[in-house]
Amino acid sequence: MGGYPEGAGATPRPKVLCVANIPDHFTAFHQPTLRWFQGEGWEVHVATSGSLDLPCIDRHHSIPFTRSPFSWQTLQTYRALKCLLDREGFTLVHGHTPVGGALARLAARSARRQGTRVFYTAHGFHFYRGAPLLNWLLFYPVERLLAHLTDCLITITQEDFQRARSFKAGQVAHVPGVGVDADRFRPCPAGERPARRQALGLDPEALLLIYAAEFNRNKNQQLLVRAMPDLLMIEPKCHLLLAGDGPLRGACETLAQQLGVSPAISFLGERQDLPDLLPLCDIAVASSLREGLPVNVLEAMACGLPVVATDNRGHRELVAAGQTGFLASQPQGAAFARALEPLLLSPELRHTFGAEGRARLEASYSLAKVQAALTRLYPSKEAHGHA
């Protein structure tokens with residue numbers, strides 16, 4: 001796998017190492033960037049836990065990462081990363097996820113003195129406006145100190161960018177997320193929706209709300225379930241689609257039964273057909289407590305859906321209140337229902353907001369726009385290739 005071009009006097013390919021805690025991070029978010037590196041002639045390495053089989057990498061290094069920096073395995077992970085970095089002579093190291101990014105930067109100190117460039121993308125700092133004090137005490141000083149070991153610190157939200165500008169990284173840049181393929185996620189022509197809904201087993205007459213996310217504490221689907229009694233009072237044809245799985249799915253199903261709204265909620269499980277499913281819905285909803293720049297909201301915008309979401313950093317950046325959707329300022333079901341009410345009652349408003357959201361996606365958050373912004377930051381292989 002990988003390696004250098006054959007032939008006498010061949011120049012070694014520059015090597016890039018991308019680091020993250022879990023393989024799903026690369027599968028879900030970074031394949032376009034990995035393909036770009038290969039297309040530019042780089043040898044692409046990835047370090048993550050578990051196994052990873054992607055066509056756009058030359059070599060996968062299985063490293064025993066954990067999600068918690070306080071695990072006994074952290075020192076073992078650091079040593080494995082440092083050994084890898086000292087051995088391979090990477091031109092560029094790019095860290096993702098808080099633990100992966102922190103350990104990559106610490107392990108790359110010696111390599112950096114030998115000329116390796118070190119990048120880190122913060123996919124949403126754990127310290128943010130309204131975050132718990134403990135988050136600030138734990139994560140803020142760590143990120144501020146690690147910035148000294150970072151040649152380029154990339155943030156995906158403007159709030160994080162403004163805060164990181166005071167950090168002592170070599171460069172602080174803003175790249176708006178990981179991008180959405182605007183050709184793959186796109187609106188459905190109105191005349192095709194009834195037939196396409198029937199083909200997927202969806203009620204052609206229902207007013208469909210959709211949220212695609214893992215069932216966990218942060219994604220907070222219970223808020224949406226609690227809002228359903230009020231929503232059904234406003235619009236009896238309202239039906240909520242919850243795509244995804246996770247540890248709290250059972251609790252949400254039980255809550256729906258207790259509130260008597262089970263017939264109005266479909267728990268879809270993991271779906272691989274979101275590009276087909278999203279355009280058939282009427283409104284996207286998002287109930288999370290904390291976000292960086294949520295891909296599920298971006299995909300909904302690409303499909304021409306208005307968005308109603310809880311008021312947090314990532315949602316504030318994406319949802320233009322009164323233009324592409326609304327933000328619920330209070331984390332209660334009744335407040336969320338009130339935020340949804342104007343869109344439930346007006347097809348014209350749904351169309352107008354959805355079209356504006358699609359336009360904003362194309363202008364700033366499409367895969368092409370984001371990829372161009374990101375690749376402008378990377379060093380050229382000619383200027384920085386290792387011998």
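ARG226 falls short on exactly one of the conditions (1) in contact (Cβ under 8 Å) with a residue 24 or more places away in the chain; (2) not in a helix (DSSP H, G or I), and that condition is (2). Looking across segment 326-368, the residues that are in contact with a Gly (Cβ under 7 Å, 6 or more places away or on another chain) and of a type in the set (A, V, I, L, M) come down to ALA355, LEU367. In segment 337-370, the qualifying residues are those that are in contact with a Ser or Thr (Cβ under 7 Å, 6 or more places away or on another chain) and touching a residue at least 40 places away in the same chain (Cβ under 8 Å), and the one that is farthest from VAL285 (Cα to Cα) is ARG360.
Inclusion of SER262 among residues that are touching a helix residue (DSSP H, G or I) at 6+ places or on another chain (Cβ under 6 Å), of a type in the set (S, T, N, Q) and surrounded by 24 or more Cβ atoms within 10 Å (Cβ to Cβ) is not warranted.
For segment 160-175, check the following and say yes or no: at least one residue is within 16 Å of LEU298 (Cα to Cα) and either within 22 Å of the chain's Cα centre (by Cα) or buried (at least 16 other Cβ atoms within 10 Å of the Cβ) (or both). Within segment 160-175, one or more residues are within 16 Å of LEU298 (Cα to Cα) and either within 22 Å of the chain's Cα centre (by Cα) or buried (at least 16 other Cβ atoms within 10 Å of the Cβ) (or both). With respect to THR74, determine if the residue is more than 24 Å from THR375 (Cβ to Cβ), of a type in the set (S, T, N, Q) and touching a helix residue (DSSP H, G or I) at 6+ places or on another chain (Cβ under 9 Å). Yes: the conditions hold for THR74.
Across segment 169-217, the number of residues qualifying as among the polar types (S, T, N, Q) and at pLDDT 95 or above comes to 2. Scanning segment 28-42 turns up at least one residue that is over 23 Å from THR150 (Cβ atoms), at pLDDT 90 or above and in a loop (DSSP other than H, G, I, E, B). Among the criteria (1) out of contact with any strand residue (DSSP E or B) (no Cβ under 8 Å at 6 or more places or on another chain); (2) over 19 Å from HIS30 (Cβ atoms), the one PRO176 does not fulfil is (2). Of all residues in segment 204-223, those being touching a helix residue (DSSP H, G or I) at 6+ places or on another chain (Cβ under 7 Å) and in a loop (DSSP other than H, G, I, E, B) number 3. Within segment 234-263, the residues that satisfy the criterion of being in a helix (DSSP H, G or I), without any contact (Cβ under 8 Å) to a residue 24 or more places away in the chain and either among the basic types (Lys, Arg) or closer than 23 Å to LEU280 by Cα (or both) are SER262, PRO263. In the set ALA339, ALA359, ALA302, ALA320, only one residue is farther than 22 Å from VAL175 by Cα, of a type in the set (Gly, Ala, Ser) and outside the structural domain of CYS152 (by TED's automatic domain parsing); that residue is ALA339. Please determine whether any residue of segment 81-91 is surrounded by 14 or more Cβ atoms within 10 Å (Cβ to Cβ), free of Cβ contacts under 8 Å to residues at least 60 places away in the same chain, out of contact with any Ser or Thr (no Cβ under 8 Å at 6 or more places or on another chain) and not charged (D, E, K, R). For segment 81-91, residues surrounded by 14 or more Cβ atoms within 10 Å (Cβ to Cβ), free of Cβ contacts under 8 Å to residues at least 60 places away in the same chain, out of contact with any Ser or Thr (no Cβ under 8 Å at 6 or more places or on another chain) and not charged (D, E, K, R): absent.
Output the strands (runs of 3 or more DSSP E) that fall wholly within segment 267-382 and possess 2 or more residues being of a type in the set (Asp, Glu), or say none.
Correct list: empty, since no element meets the threshold.
Within the option set SER262, SER266, SER287, being out of contact with any strand residue (DSSP E or B) (no Cβ under 9 Å at 6 or more places or on another chain) and under 26 Å from GLU205 (Cβ atoms) holds for one residue only, SER262. Do you know which of the residues in segment 130-146 that are out of contact with any Phe, Trp or Tyr (no Cβ under 7 Å at 6 or more places or on another chain) and in contact (Cβ under 8 Å) with a residue 40 or more places away in the chain is surrounded by the most Cβ atoms within 10 Å (Cβ to Cβ)? For segment 130-146, the residue satisfying everything is LEU146.
State yes or no: is ARG105 touching a residue at least 40 places away in the same chain (Cβ under 8 Å), within 23 Å of the chain's Cα centre (by Cα), surrounded by fewer than 21 Cβ atoms within 10 Å (Cβ to Cβ) and assigned by TED's automatic domain parsing to the domain that holds ASP58?
Values: touching a residue at least 40 places away in the same chain (Cβ under 8 Å): yes; within 23 Å of the chain's Cα centre (by Cα): yes; surrounded by fewer than 21 Cβ atoms within 10 Å (Cβ to Cβ): no; assigned by TED's automatic domain parsing to the domain that holds ASP58: yes.
So ARG105 fails the test.
The values are calculated or read from the model by the stated rules, or taken from the named source; none is laboratory data. A quick note: this is a predicted structure, and the numbers were derived from the prediction, not measured. Note: ideal-geometry Cβ built from the backbone for every residue, glycine included; neighbour counts use all protein chains shown.
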